[in-house]
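These notes are about the structure you will find just below.
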């Protein structure tokens with residue numbers, strides 16, 4: 001897996017970042033406080049950790065992401081498939097279809113998108 | 001620290017009984033709501049927190065003070081658990097294992113008390129540390145928890161929901177909880193917060209850190225946690241229907257985690273006994289009113305029965321069956337408490353009292369009765385102390401009003417007199433008796449009535465005045481228990497003022513036990529931070545006084561014994577030793593070192609007498625045994641005392657070496673310039689007139705030179721030892737003054753081989769202080785100043801050997817200086833005031849002005 005792991009709480013942070021980047025650390029702290037209820041120190045710690053992992057970068061107090069939202073989502077999906085469906089796309093799709101009650105056509109279309 | 005620990009142990013034992021009661025109640029009232037149980041645990045906490053409690057007849061606590069305070073240091077520890085079975089099982093074992101070995105300075109109980117207290121402290125610190133650290137770690141873990149709403153946060157690092165925080169409690173949830181579960185969980189945690197559980201649980205743990213040594217309290221804590229959860233569950237589902245309850249149980253199950261640790265802070269949702277909780281939730285029924293009422297009543301009862309202490313009854317137990325087992329202080333205190341009197345001193349007895357019967361061994365025969373009186377609201381009351389020896393208990397009857405009494409004695413003194421009566425001596429004087437009868441007598445004096453003995457608590461002794469007069473009559477076999485008229489009169493009196501003697505070491509009887517390579521160290525509470533150290537050749541003291549160095553107090557060849565005793569009456573003990581000394585002729589001497597002041601006193605008789613210290617068991621005093629040199633027979637012996645500023649042996653038959661007592665001046669002085677130092681001594685004579693003799697003694701013991709000083713005016717003398725660069729000298733100084741006319745003179749000299757003085761310097765000056773011009777002759781301030789400067793210059797290098805001249809009163813023997821006492825006396829100077837900031841010369845000049 002090339003994309004670094006992002007924990008749930010960090011993911012929510014990234015959501016804010018992706019929506020607002022590039023953004024100063026100060027502004028980020030404020031946003032995190034409002035949305036997530038984080039203390040200033042917590043936000044800084046998380047930024048630092050994510051920097052170390054290569055998820056975000058902090059240049060002179062301006063934070064921007066190194067991994068896009070889509071990349072992160074796909075990475076999660078891959079992990080999900082590996083863990084829960086032993087990497088079998090058909091199995092995943094079958095489960096997904098069962099829940100979503102898709103028509104055959106829709107399923108075909110989705111399969112094509114994924115296998116692209 | 002040990003006293004605090006003891007109190008806590010006693011409290012925890014009392015609480016332990018309550019815990020057992022709570023456990024029983026929990027069983028009986030299974031179906032009662034859990035919050036009632038929480039109330040019960042609150043009672044336990046109350047018990048642990050409150051050091052005071054009321055007494056109540058309803059108390060079921062076996063004993064308020066299972067471990068009595070004296071167990072910390074006594075030689076015979078006993079527990080009063082309030083349950084005879086436990087007492088008789090434990091006390092003998094205690095007595096055996098804690099019996100002090102003879103010669104030990106600290107009882108095993110003291111040692112153990114200290115050790116156990118330290119262990120308790122350590123345990124407490126460990127617990128506190130654990131709680132603080134785990135809380136802090138947890139806080140760190142959930143730092144990145146994101147806010148859901150209000151005070152609810154979620155984090156990927158939370159496994160099972162919990163509440164954290166004292167003042168602003170926050171509910172922590174995991175991410176991705178099912179919708180249904182979420183609401184139930186939040187309701188549960190909210191309920192915790194409303195019930196203030198986030199306070200109670202930490203409080204419980206805090207109590208556990210202090211009382212960690214009591215296993216019952218650990219059980220209590222675990223059950224408390226369970227009951228808190230149960231109470232919380234009940235609060236949440238109280239209004240729920242079955243459907244909701246299913247949902248709640250599912251939520252419980254989903255969030256349960258197999259954690260077995262005992263956490264201090266977080267109130268975790270799924271942590272505690274999930275199976276039981278699910279069962280309880282599903283089977284929940286609103287409890288019937290009567291059940292709750294009954295449970296609450298039981299709570300109240302438990303509070304009364306277990307939060308109160310058992311009352312001190314009119315009956316209390318006796319420790320033994322003989323007079324020696326009496327505890328007068330305790331008896332008197334108990335009675336005072338019973339009758340609500342200030343203290344035991346308000347209890348009196350007099351001659352209108354009962355006879356006490358004893359067996360030959362002075363064990364109680366039949367039951368004894370002591371009538372006593374007390375005053376209340378200005379009325380006299382009489383009651384009786386009944387002594388039931390066969391049932392081993394005392395009983396105090398209710399008091400009746402009584403007419404005022406004239407002669408009264410203290411009940412405590414009477415009990416003491418009975419306790420300490422000299423049984424051996426009585427048996428000696430009345431050997432044929434089968435038993436004895438004791439009667440309190442008013443009046444009488446020792447000596448006037450037939451056979452009489454005076455005694456104190458220490459035994460047969462001279463007394464200072466008597467407190468209680470007892471008459472003892474023997475009972476013979478054939479007389480049908482009627483005592484014969486062969487009385488012995490016993491007078492119990494004032495405690496002998498024997499100063500306490502602390503033994504350090506004594507090898508006089510066992511010289512082979514002396515360890516020549518070893519060292520005995522001793523510290524005394526009266527001299528904090530000072531360590532006394534003994535080797536057979538030397539006793540040193542190490543402390544602040546000597547800047548941490550070891551200062552030699554005594555040297556000997558060897559030092560035989562050492563005791564500490566306050567002879568001087570200054571409240572601090574002096575070191576009293578017996579040691580041998582000499583070359584060629586080795587004699588034994590007694591030396592007393594007054595550490596507080598730094599003085600040394602000796603009793604010796606070189607070549608003629610041997611003096612040795614002995615501790616006398618009978619009267620607790622240090623005796624000095626006097627023997628002729630190198631002989632074994634004791635020719636005189638008496639207590640060592642300090643009177644009139646010097647050591648004395650209280651034995652009028654004693655013959656002193658020349659009737660004098662010798663003190664050595666420390667230091668080596670070579671006064672005859674022969675290269676070997678002489679010893680300088682001061683001999684004190686107390687025949688008709690107190691006089692001193694200063695002597696210079698050669699190494700072989702012969703006296704090289706001597707000079708006397710008398711306490712009468714004509715015999716005033718002052719001698720100093722002066723050490724100058726070119727050698728040691730003697731300095732004699734006569735500041736004589738008579739009727740205002742003064743002649744001050746000094747001579748500085750050393751000695752020749754025969755002891756004749758060789759004067760190297762001398763000077764004198766005359767003047768007078770008469771203010772009446774008709775009488776006044778001369779006063780030359782400059783000349784006087786010059787003389788004093790010379791003299792004080794010599795004194796600056798001198799030490800005072802002896803002086804009887806009152807003009808030199810208050811002179812510091814180690815830094816002698818004459819400041820001219822009459823300069824500071826107001827009556828000798830009119831219009832003149834001594835000024836400390838001025839020099840002696842300037843003051844003299846000022847002083848001289850009054851004569852012109």
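Starting from 0 in steps of 10 Å, tell me what percent of the Cα-Cα pairs of chain B lands in each bin.
Going from the shortest bin to the longest, the percentages are 2, 9, 12, 13, 13, 12, 12, 11, 8, 5, 3, 1, 0.
Any idea what the relative contact order of chain B is, in percent, if you count C-alpha pairs under 8 Å spaced at least 6 apart? All intermediate terms of the calculation are to be shown ahead of the outcome.
Numbers: 1546 pairs, mean separation 46.7, N = 852.
Relative contact order, chain B: 5 percent.
Bin width 5 Å, alpha-carbon pairs only: give the P(r) of the stretch B:521-567 as whole percents, running from 0 to the bin holding the largest distance.
Values per bin, smallest distances first: 5, 21, 30, 25, 16, 3.
Cut-off is 10 Å between beta-carbons; in what order do B:467, B:5 appear when sorted fewest neighbours first?
The order, fewest Cβ neighbours first, is B:467, B:5.
Given a 10 angstrom Cα cut-off, can you work out which residue in A:96, A:85, A:13 is the most mobile in a GNM of chain A?
A:96
Report the Rg/Rh value for the stretch B:92-163, based on alpha-carbon coordinates and the Kirkwood definition of Rh.
Values: Rg = 24.6 Å, Rh = 16.8 Å.
On the Cα set of the stretch B:92-163, Rg over Rh gives 1.46.
Estimate the FRET efficiency between residue B:291 and residue A:35 by the formula 1/(1 + (r/R0)^6), using the beta-carbon distance for r and 51 Å for R0, to the nearest 0.05. Write out the running numbers ahead of the final one.
On the way: r = 50 Å, r/R0 = 0.97.
Between residue B:291 and residue A:35 the formula returns 0.55.
What FRET efficiency, computed as 1/(1 + (r/R0)^6) with R0 = 51 Å and r the Cβ-Cβ distance, is obtained for residue B:350 and residue B:73, rounded to the nearest 0.05?
0.85
For the stretch A:8-67, what ratio Rg/Rh do Cα atoms give with a Kirkwood hydrodynamic radius? Intermediate values should be presented prior to the final figure.
On the way: Rg = 9.9 Å, Rh = 11.0 Å.
Rounded to two decimals, Rg over Rh is 0.90.
Can you tell me the convex hull volume per residue for the stretch A:44-88, based on C-alpha atoms, in Å³ to the nearest whole number?
Details: hull volume 3.3 nm³, N = 45.
Considering the Cα atoms of the stretch A:44-88, their hull volume per residue is 74 Å³.
Over the stretch B:711-852, what relative contact order in percent results from Cα pairs under 8 Å that are six or more residues apart?
Numbers: 226 pairs, mean separation 30.8, N = 142.
Averaging sequence separation for qualifying contacts and normalising by length gives 22 percent for the stretch B:711-852.
Classify the stretch B:144-287 as rounded, prolate or oblate, taking a ≥ b ≥ c as the square roots of the eigenvalues of its Cα gyration tensor: rounded when a/c is under 1.5, otherwise prolate if a/b is larger than b/c and oblate if not. List each step's numbers first, then the result.
Details: a/c = 1.79, a/b = 1.21, b/c = 1.48.
Cα axes put the stretch B:144-287 in the oblate bin.
Using Cα atoms only, what is the angle between the long axis of helix B:242-255 and the major principal axis of chain B, expressed in degrees (0 to 90) to the nearest 10?
Rounded to the nearest ten degrees, it is 50.
Could you tell me how many degrees, from 0 to 90 and to the nearest 10, lie between the Cα long axis of helix B:215-237 and the main elongation axis, the longest principal axis, of the Cα atoms of chain B?
Helix B:215-237 sits at roughly 40 degrees to that axis.
Using a Förster distance of 35 angstrom, determine the FRET efficiency expected from the C-beta separation of residue A:49 and residue A:96, and round it to 0.05. Show your work: numbers first, answer last.
Numbers: r = 32 Å, r/R0 = 0.93.
Efficiency for this residue pair is about 0.60.
Could you work out, residue by residue across B:143-156, how many beta carbons of other chains sit within 10 Å of that residue's beta carbon, and then give the average as an integer?
Numbers: counts 7, 15, 5, 11, 8, 2, 1, 1, 1, 1, 4, 4, 3, 5.
Per residue, the average neighbour count from other chains is 5.
In deg cm²/dmol and to the nearest 500, what is the mean residue ellipticity at 222 nm of chain B if only DSSP H runs of at least 4 residues count, each as -39500 (n - 2.57), divided by the residue total?
Values: 16 runs with 241 residues, N = 852.
After summing the helix terms and dividing by residue count, I get -9500 deg cm²/dmol.
Please express the shape of the protein assembly as shown as an equivalent ellipsoid: the semi-axes are the square roots of 5 times the eigenvalues of the C-alpha gyration tensor, given largest first in whole angstrom. Show your work: numbers first, answer last.
Values: eigenvalues 1442, 508, 144 Å².
After diagonalising the Cα gyration tensor, the semi-axes are 85, 50, 27 Å.
Can you give me the distance in nm between label points at residue B:849 and residue B:714, each placed 7 Å from the Cα along the Cα-to-Cβ direction?
Output for this residue pair reads 4.2 nm.
Quick one: order B:837, B:97, B:637 by neighbouring beta-carbon count within 10 Å, fewest to most. Before the final figure, lay out each step's value.
Values: B:837 6, B:97 11, B:637 18.
Arranged by neighbour count, lowest to highest, B:837, B:97, B:637 become B:837, B:97, B:637.
Which three extents, in angstrom, do the Cα atoms of the stretch B:315-487 have along their principal axes, listed largest first?
Principal extents (Cα only, largest first): 48, 36, 29 Å.
Mind jotting down the distance between the C-alpha centroids of the stretch B:783-826 and the stretch A:60-93, whole Å?
When both Cα centres are located, 103 Å separates them.
Over the stretch B:501-639, what is the relative contact order in whole percent, taking alpha-carbon pairs under 8 Å and six or more residues apart? The partial results should precede the final answer.
On the way: 297 pairs, mean separation 19.8, N = 139.
It rounds to 14 percent for the stretch B:501-639.
If one takes the longest principal axis of the Cα atoms in chain B, at what angle in degrees, from 0 to 90 and to the nearest 10, does the Cα axis of helix B:179-194 lie?
Tilt of helix B:179-194: around 40 degrees.
Under a GNM of chain A (C-alpha, springs under 10 Å), which listed residue has the highest mean-square fluctuation: A:48, A:83, A:57?
A:83
As a footprinting exposure proxy, order B:354, B:372 by other Cβ within 10 Å, with the fewest listed first.
Numbers: B:354 13, B:372 27.
Ascending number of Cβ neighbours within 10 Å: B:354, B:372.
Tell me the label-point distance for the pair residue B:700, residue B:319, using the 7 Å Cα-to-Cβ offset, in nm and rounded to one decimal.
6.4
Starting from the Kirkwood radius over alpha-carbon pairs of the stretch B:685-851, derive D by Stokes-Einstein at 4 °C in a medium of 1.567 mPa s and give it in µm² s⁻¹.
Numbers: Rh = 17.3 Å.
Rounded, D is 75 µm²/s.
Can you tell me how much longer the chain between residue B:132 and residue B:634 gets when fully stretched, taken as 0.36 nm per residue apart minus their C-alpha distance, in nm with one decimal? Please report the intermediate quantities before stating the final value.
On the way: separation 502, 0.36 × 502 = 180.72 nm, distance 7.17 nm.
Full-extension gain reported as 173.5 nm.
No value in this document is a laboratory result; all are computed from the given coordinates. What you are looking at is a predicted structure, and each value in this text was computed from that prediction instead of being measured. Neighbour counts are summed over all protein chains in view; Cβ atoms, including those assigned to glycine, are modelled from backbone coordinates with ideal geometry.
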